[in-house]
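Colleague: Sending over a structure as structure tokens; questions will come in a sec.
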Amino acid sequence: MAQLIKQGNVANDTWTTLTLAEGETPESVALPAGDVIFPLAVWRARQNEIVSCHKRIGLLLQPDDKVEEIAADLQYFIVVAVHFPKFVDGRGYSTAALLRQRYHYQGELRAVGDVLHDQLFFMKRVGFDSYALKDGKDAIYAIGKGFAPFSETYQASTDQPEPHFRRRTA
Amino acid sequence: MYKYDAIDRQLILDRVEQFRDQVRRWQAGELTDDEFRPLRLQNGLYIQRHAPMFRIAVPYGMLNSAQLRKLAHVARQYDRGYGHFTTRHNLQLNWPKLTDVPDILAELAEVDLHAIQTSGNCIRNITTDQFAGVAADEIIDPRPLAEILRQWSTFHPEFAFLPRKFKFAISGTDEDRAVTWFHDIGLHLKVVDGVAGFTVIVGGGLGRTPIRGQVVREFLPWQHILSYCEAILRVYNRFGRRDNAYKARIKILVQALGVEEFTKLVEAEWAHAKDGPATITQAEYNRVAAHFGAPAYETITTVDAGYQAKIVDDKAFARWVERNTQPHKVPGYRAVTLSLKKHGVAPGDITSDQMEVVADLADRYSFGELRISHEQNVILADVKLADLADVWRVAKAAGLATPNIGLLTSIICCPGGDFCDLANAKSIPIATAIQQRFDDLDYLFDIGEIDLNISGCMNACGHHHVGHIGVLGVDKNNDEFYQVTLGGRQGNDAKLGKVIGPSFSAGEMPDVVDKIIKVYLENRHPDERFIDTFDRIGIDPFKNRVYEGRAHGKAKAAEKEAA
């Protein structure tokens with residue numbers, strides 16, 4: 001099980017992610033109760049149904065899902081999870097930056113998949129605020145060391161919208 | 001040159017500690033090899049044929065003497081007493097111990113050096129013209145903007161895991177000396193209606209699929225360069241291919257979309273960021289540019305008499321001045337190129353002892369600064385004419401004054417199969433064999449200007465595609481062969497060379513080059529350089545001479561059968 005890091009602590013994860021078993025389709029899959037993170041295809045196919053029976057809704061975005069296409073739906077989501085199939089696949093960073101900076105998504109933004117200690121700093125910078133650290137990794141050490149390896153940042157991003165050169169005093 | 005402030009320095013110290021911890025976790029089994037690989041690559045550390053290869057950044061080619069002395073020390077202490085300058089201004093060590101690298105980084109940090117993003121699928125070291133700031137044909141000094149881009153690209157959170165590596169080059173002169181047409185992003189500084197800005201070229205590259213870049217924006221005022229590059233990188237990060245490493249460079253995306261469609265995406269992205277916080281302020285430009293102000297040049301109104309006399313009296317000196325010094329925008333000064341192309345030595349290699357000699361020369365004669373060129377030489381940019389004879393004498397004694405800059409034996413060459421894991425063939429022995437064949441200086445001078453570039457594989461670190469003569473190592477059934485191209489060139493009319501035909505064995509290469517040169521010498525008009533003659537007479541005369549009497553195609557197959 002991945003270990004959820006949230007607000008500097010290991011947190012209990014109340015959300016389950018709906019995965020389609022073989023033979024199931026977004027149109028036919030049974031919608032479970034509780035806090036559920038839905039794949040984009042299921043959200044698209046069953047939006048009205050989901051909204052009518054769920055108060056708390058999560059969305060799962062894959063690296064090639066286009067943020068632009070769900071920009072109008074963001075109000076519905078408590079959690080948006082961005083999947084990193086491999087940690088070297090950096091598309092999720094742009095997804096997060098767009099969600100926060102362009103579409104002003106305010107809910108929980110969660111990194112899921114191949115989420116590792118040495119990428120937490122970058123993830124935090126672009127706007128993630130919860131992290132499903134890969135199973136077997138040291139979550140306490142990651143919380144202590146992974147988020148702030150650098151004492152300053154040069155460029156603007158979600159967590160610091162002003163580049164360093166605009167914050168110079170002299 | 002740019003001097004680090006407390007923040008710049010703190011960041012590289014942070015980096016040292018971060019990497020030390022990563023190495024520790026890797027050794028303890030907390031990081032797998034696959035998890036560690038991109039982390040070490042982003043600190044310039046490869047695992048190579050014989051040992052790790054470690055690449056130290058020389059941002060846009062600028063070094064001071066203290067930094068070079070530190071490099072000399074590091075090469076001596078942790079390696080075999082020499083390093084190799086690459087075509088991206090960086091210094092490579094071929095034999096360090098992986099577990100020493102955190103200590104090496106700590107030593108380098110003492111003089112503001114690092115290995116940040118010298119490899120990996122991220123924004124790499126930005127390259128520029130080795131004569132920036134002193135070139136007579138310079139429009140705008142590219143170094144302040146190169147430094148601003150360096151800072152912006154350092155640990156950029158959105159672009160640390162791109163589909164593939166990403167290289168910038170900036171040129172601020174009329175004649176492009178930074179190979180800007182063959183970079184992921186090439187920037188030409190220019191002034192339009194009194195406004196300074198860039199022509200933005202995207203999607204060039206050498207390597208396996210050599211492609212000339214295309215203009216995405218004819219003119220972009222300089223203040224917008226960070227937001228514009230961010231737009232380009234975001235489009236690339238989102239839509240560049242990740243399924244096949246050979247098709248993952250931005251050039252493939254630009255080709256696939258077409259430059260118009262690609263430009264449309266970039267401009268749409270940029271529309272959101274334009275005039276936002278990433279817009280460079282005049283104050284920031286001024287702050288950085290102040291570091292690149294002119295040194296305390298003397299006012300020199302007459303040509304030094306001693307220098308003039310020596311030019312007349314000493315042919316060897318005169319030759320060196322002709323080939324290895326370049327015009328300077330300040331009267332009474334020249335830029336000196338110290339040749340790392342001594343015949344018989346691997347191109348770009350420099351010993352620790354030589355580094356110390358160069359550092360001393362820089363302190364004594366060139367304001368304590370030096371530059372590395374993409375042709376793998378070291379430049380003292382600000383030497384008085386009156387000092388040239390002294391510089392020459394010291395450089396000569398140290399083996400750094402071969403008067404071959406721009407000539408046939410000033411070969412650009414990658415480390416090749418002797419060192420590099422990627423190589424299909426050795427490259428250094430080919431370079432040295434050609435240098436031995438053309439060891440006669442009179443003959444070299446008679447042949448005149450010509451670029452000979454050698455790469456040991458199609459990754460093209462030796463820029464073979466843009467050599468007038470390009471040599472590419474290829475693997476044929478586990479044997480090393482060499483494919484020859486002609487007519488490539490860098491500069492404003494940058495062009496890829498054309499393959500002349502079937503490849504050659506290593507032993508044949510000096511003869512092949514010799515034949516190519518003979519065709520040129522027999523056909524040239526007065527004042528024609530090799531490339532001019534080539535353009536006039538075309539590739540066929542060269543092809544015919546090189547393959548004369550050589551069976552190929554069906555005839556070769558028949559010959560083989562008979563044998």
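Colleague: If you take every residue apart from B:ILE139 with its C-beta less than 10 Å away from the C-beta of B:ILE139, what net charge results, scoring Lys and Arg +1 and Asp and Glu -1? Present the calculation step by step, with values, prior to reporting the outcome.
Modeller: Numbers: positive: B:LYS190; negative: B:ASP137, B:GLU138, B:ASP141, B:ASP174.
Value of the local net charge: -3.
Colleague: In whole Å, what is the distance between the alpha-carbon centres of segment B:35-84 and segment B:185-221?
Modeller: 30 Å
Colleague: In segment A:142-170, what residues drop by 30 Å² or more in accessible surface going from the chain by itself to the full protein assembly, probe 1.4 Å?
Modeller: A:PRO149, A:PHE150, A:SER151, A:GLU152, A:TYR154, A:GLN155, A:PHE165, A:ARG166, A:ARG168
Colleague: Cα convex hull of the protein assembly as shown: how many Å³ per residue? Mind dumping the intermediate values first?
Modeller: Working: hull volume 136.0 nm³, N = 733.
Dividing the Cα hull volume of the protein assembly as shown by its residues yields 186 Å³.
Colleague: Further question: Which whole number in µm²/s is D for segment B:407-497 by Stokes-Einstein, with the Kirkwood Rh taken over Cα pairs at 10 °C and 1.306 mPa s? Please report the intermediate quantities before stating the final value.
Modeller: Details: Rh = 13.1 Å.
The estimated diffusion coefficient comes to 121 µm²/s.
Colleague: Let me ask something else about it. If each DSSP helix of 4+ residues adds -39,500 (n - 2.57) and the sum is divided by the residues in chain A, what number results at 222 nm, nearest 500 deg cm²/dmol? If you can, show how the numbers build up before the last one.
Modeller: Values: 4 runs with 32 residues, N = 170.
Taking each H run of at least 4 residues, the total per residue is -5000 deg cm²/dmol.
Colleague: Ok, one more. Of all accessible surface on segment A:89-143 at a 1.4 Å probe, what whole percent is carbon and sulfur?
Modeller: On the way: 820 of 1610 Å².
The computed percentage sits at 51.
Colleague: OK, next. Restricting to chain A, compute how many DSSP beta bridges are antiparallel as a %, nearest 5. Write down the numbers at each step before the final one.
Modeller: Values: 8 of 27 bridges.
Looking only at bridges with both residues in chain A, the antiparallel portion is about 30 percent.
Colleague: Next question. Within 10 Å of each Cβ in peptide B:285-291, how many partner chain Cβ atoms are there on average? Round it to a whole number, please. Don't skip to the end; give the middle numbers.
Modeller: Details: counts 1, 0, 3, 1, 0, 0, 0.
Partner-chain Cβ atoms within 10 Å, mean over residues of B:285-291: 1.
Colleague: In whole angstrom, how long is each semi-axis of the equivalent ellipsoid of segment B:105-216, when you take the square root of 5 times every eigenvalue of its Cα gyration tensor and sort them from largest down?
Modeller: Numbers: eigenvalues 115, 74, 33 Å².
Semi-axes from the Cα gyration tensor: 24, 19, 13 Å.
Colleague: So, one more: Past 18 Å, Cα to Cα: identify those pairs from B:LYS518/B:LYS543; B:LYS476/B:LYS515; A:LYS6/A:LYS145, in the order given.
Modeller: Values: B:LYS518/B:LYS543 12 Å; B:LYS476/B:LYS515 24 Å; A:LYS6/A:LYS145 15 Å.
Violating the 18 Å limit, Cα to Cα: B:LYS476/B:LYS515.
Colleague: Another question, then. For B:ALA316 and B:HIS73, what does the FRET efficiency come to when R0 = 41 Å and r is the distance between their Cβ atoms, rounded to the nearest 0.05? Intermediate results must be reported in sequence, preceding the final value.
Modeller: Numbers: r = 32 Å, r/R0 = 0.79.
Efficiency, from the Cβ-Cβ distance: 0.80.
Colleague: Counting Lys +1, Arg +1, Asp -1, Glu -1, what net charge surrounds A:ALA33 among other residues with beta carbon under 15 Å of its beta carbon?
Modeller: +1
Colleague: Right, next: Just checking chain B: which Cys have no other cysteine's beta-carbon under 4.7 Å?
Modeller: Unpaired cysteines in chain B: B:CYS122, B:CYS229, B:CYS413, B:CYS420, B:CYS457.
Colleague: Keeping all protein chains in place, calculate the accessible area per residue for segment B:312-404 (probe 1.4 angstrom), answer in Å². All intermediate terms of the calculation are to be shown ahead of the outcome.
Modeller: Working: 3060 Å² over 93 residues.
I get 33 Å² per residue for this part.
Colleague: Along Cα→Cβ, 7 Å out, is where each label goes; now give me the distance between the ones at B:ILE539 and A:THR14 in nm to one decimal.
Modeller: 6.9 nm
Colleague: Here is a further query. Roughly speaking, what is the stretch gain from B:LYS274 to B:ASP174, that is 0.36 nm per residue apart minus the C-alpha to C-alpha distance, in nm to one decimal? Walk me through the intermediate numbers first.
Modeller: Details: separation 100, 0.36 × 100 = 36.00 nm, distance 2.81 nm.
Taking 0.36 nm per residue and subtracting the Cα distance, the gain is 33.2 nm.
Colleague: Further question on the same structure: Just to verify a number: what accessible area does B:HIS272 come out at with the full protein assembly present, 1.4 Å probe, Å² rounded to tens?
Modeller: Counting only protein heavy atoms, B:HIS272 exposes about 120 Å² to solvent.
Colleague: While we're looking at this one, here's another question. Report, by chain and number, residues whose modeled amide H sits under 5 Å from the one on B:CYS414, excluding near sequence neighbours (fewer than 5 apart, same chain).
Modeller: Hits under the 5 Å cutoff: B:ILE454, B:GLY456, B:GLY462.
Colleague: Other chains near A:117-127: what is the mean number of their Cβ atoms within 10 Å of each residue's Cβ?
Modeller: Numbers: counts 7, 11, 6, 0, 4, 7, 1, 1, 5, 3, 2.
Whole-number average of other-chain Cβ neighbours for A:117-127 is 4.
Colleague: Shifting gears a bit: Heads up, I need the accessible area for B:GLU218: 1.4 angstrom probe, whole protein in place, Å², nearest 10.
Modeller: 110 Å²
Colleague: Binning at 10 angstrom from zero up to the longest distance, how are the C-alpha pair distances of chain B distributed in percent?
Modeller: The percentages, shortest bin first, are 3, 17, 28, 28, 17, 6, 1, 0.
Colleague: How many nm separate the modelled label positions at A:ASP73 and B:GLU261, each set 7 Å beyond the Cα in the direction of the Cβ?
Modeller: Label at A:ASP73, label at B:GLU261, 2.5 nm between them.
Colleague: If you take every DSSP beta bridge fully contained in the protein assembly as shown, what fraction is antiparallel? Give it as a percent rounded to 5.
Modeller: Values: 59 of 91 bridges.
Percentage antiparallel, nearest 5: 65.
Colleague: Separation of segment A:106-141 and segment B:327-371 by C-alpha centroid, Å?
Modeller: Centre-to-centre (Cα) distance: 48 Å.
Colleague: Would you please report the Å³ per residue occupied by the convex hull of the alpha carbon atoms in segment B:85-161?
Modeller: Details: hull volume 9.8 nm³, N = 77.
About 127 Å³ per residue, rounded to a whole number.
Colleague: Could you compute how much accessible area chains B and A hide from each other, both sides summed, with a 1.4 Å probe? Nearest 100 Å² is fine. Please list the in-between numbers first.
Modeller: On the way: alone 22520 and 9760 Å², together 28590 Å².
Result for this pair: about 3700 Å² buried.
Colleague: If you don't mind, there's one more thing I want to ask. How many nm is it between the label spots at B:VAL330 and A:LYS86, if each spot is 7 Å from the Cα in line with the beta carbon?
Modeller: Once both label points are built, they end up 5.1 nm from each other.
Colleague: Could you name the lysines whose alpha carbon sits less than 22 Å from that of B:LYS384, not counting residues in the same chain fewer than 8 places away?
Modeller: B:LYS310, B:LYS315, B:LYS329, B:LYS396
Colleague: I would also like to ask the following. How large, in percent, is the carbon and sulfur part of the accessible surface of segment B:1-57 at a probe radius of 1.4 Å?
Modeller: Values: 1280 of 2410 Å².
Ligands and nucleic acids excluded, carbon and sulfur reach 53 percent.
Colleague: Then there is this: By the scheme Lys and Arg +1, Asp and Glu -1, what is the net charge of all other residues having a beta-carbon under 11 Å from that of B:HIS343?
Modeller: Working: positive: B:LYS341, B:LYS342, B:ARG437; negative: B:ASP439, B:ASP440.
Computed value for this residue: +1.
Colleague: As an exercise, use a Förster radius of 51 Å and the Cβ-Cβ distance of B:GLU528 and A:HIS104 to find the FRET efficiency, rounded to the nearest 0.05.
Modeller: Working: r = 64 Å, r/R0 = 1.25.
For B:GLU528 and A:HIS104, the calculated efficiency is 0.20.
Colleague: Of the accessible area of segment B:106-261, with the probe set at 1.4 angstrom, what percent is carbon plus sulfur? Write out the running numbers ahead of the final one.
Modeller: On the way: 2010 of 4220 Å².
Its accessible area is 48 percent carbon and sulfur atoms.
Colleague: Related question: Skip the ligands, DNA and RNA, and give the accessible area per residue of segment B:463-557 with a 1.4 Å probe, whole Å². All intermediate terms of the calculation are to be shown ahead of the outcome.
Modeller: Numbers: 4450 Å² over 95 residues.
Per-residue value: 47 Å².
The values are calculated or read from the model by the stated rules, or taken from the named source; none is laboratory data. The structure presented is a predicted model; accordingly, all values stated were derived computationally and were not measured. Heads up, the Cβs are rebuilt from the backbone with ideal geometry, glycines too, and the neighbour counts pull from every protein chain shown. Keep in mind that these areas ignore ligands, DNA and RNA; they rest on the heavy atoms of the full protein, side chains included. Shrake-Rupley method; radii C 1.70, N 1.55, O 1.52, S 1.80 Å.
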